[in-house]
Amino acid sequence: MSSADADPLLPGVDPAAPAERSPVHCRLCGRPLRDREARTWGLGPECREKLRLRQAPRPPVREVDQDTLPGV
């Protein structure tokens, strides 16, 4: 094992120490996010609920009116 293999890739970084995550904050309220889904979305559970209430309702499902194809 050479001396280059024993040196860490970055000076001052211990490769045996666990890596810490950088803090992620909610884009609406600024609170720190802790769970995976919140960190992925960038929104806390309370803010996701608020946004869900503001969404427009889904349009009703109905058959599409189409003309018959010629020759069929």
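Taking the stated definitions as given, is V64 of a type outside the set (S, T, Y), open to solvent by 100 Å² or more (accessible area, probe 1.4 Å) and at pLDDT 75 or above?
Criteria met by V64.
Return the residue satisfying two criteria in turn: it lies in segment 1-28 and is out of contact with any helix residue (DSSP H, G or I) (no Cβ under 6 Å at 6 or more places or on another chain), part of a loop (DSSP other than H, G, I, E, B) and closer than 30 Å to R52 by Cβ, and of such residues it is modelled with the highest pLDDT.
Taking the candidates together, the pick is R27.
Checking A56 against (1) of a type in the set (A, V, I, L, M, F, W, C); (2) part of a loop (DSSP other than H, G, I, E, B); (3) at pLDDT 70 or above, which test does it fail?
A56 satisfies all of (1) of a type in the set (A, V, I, L, M, F, W, C); (2) part of a loop (DSSP other than H, G, I, E, B); (3) at pLDDT 70 or above except (3).
The values are calculated or read from the model by the stated rules, or taken from the named source; none is laboratory data. From a predicted model like this one, the values you see are computed outputs, not experimental measurements. All Cβ positions, even for glycine, are placed from backbone atoms using ideal geometry, and neighbour counts span all protein chains on display. Protein only, heavy atoms only, side chains kept; ligands, DNA and RNA dropped before computing areas. Shrake-Rupley method; radii C 1.70, N 1.55, O 1.52, S 1.80 Å.
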